[in-house]
1. Could you work out the helix-only [θ] at 222 nm for the chain, with each DSSP H run of four or more residues adding -39,500 (n - 2.57) and the total divided by the number of residues, to the nearest 500 deg cm²/dmol?
2. Roughly how many percent of the accessible protein surface of the chain is carbon and sulfur, given a 1.4 Å probe and a whole-percent answer?
3. Please report the base-10 log of the normalised intensity I(q)/I(0) for the chain, using a Debye sum with one equal scatterer per alpha carbon and no solvent, at each q in 0.16, 0.21, 0.26 (1/Å).
4. Around Leu6, what is the net charge, scoring Lys/Arg as +1 and Asp/Glu as -1 over all other residues with Cβ under 12 Å from its Cβ?
5. Hey, can you find the accessible area per residue of the chain for me, probe 1.4 Å, expressed in square angstrom?
Amino acid sequence: MATNGLSSALTLYGARTLTLSQAAAQAGLSEDEFVRQLERRGIEVTESERAAVSAGDHTARAD
């Protein structure tokens with residue numbers, strides 16, 4: 001796991017510049033693993049994105 005990529009993805013997700021899916025891809029992680037990294041750092045995951053990850057909905061979003 002590239003620390004710099006993860007760090008910037010966490011920052012960009014936290015600022016809501018990237019969606020969870022986009023940030024996970026930038027970090028080189030699955031969405032599930034990215035959510036775990038966010039939780040470890042106390043970064044809030046939106047309920048709609050958490051539900052999408054839980055449901056296994058990994059489709060691209062236009063938002």
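1. Working: 4 runs with 38 residues, N = 63.
It lands at -17500 deg cm²/dmol.
2. On the way: 1920 of 3840 Å².
Accessible surface attributable to carbon and sulfur in the chain totals 50 percent.
3. Once normalised to I(0) and log-transformed, intensities are -0.42, -0.75, -1.18.
4. Values: positive: Arg36, Arg40, Arg41; negative: Glu33.
Summing Lys/Arg as +1 and Asp/Glu as -1 gives +2.
5. Working: 3840 Å² over 63 residues.
It amounts to 61 Å² per residue over the chain.
The values are calculated or read from the model by the stated rules, or taken from the named source; none is laboratory data. None of the values given here were measured: they were computed from a predicted structure. Note that we place each Cβ from the backbone using ideal geometry, even for glycine, and neighbour counts take in every protein chain shown. Ligands, DNA and RNA are excluded from the accessible area calculation, which covers all protein heavy atoms including side chains. Shrake-Rupley method; radii C 1.70, N 1.55, O 1.52, S 1.80 Å.
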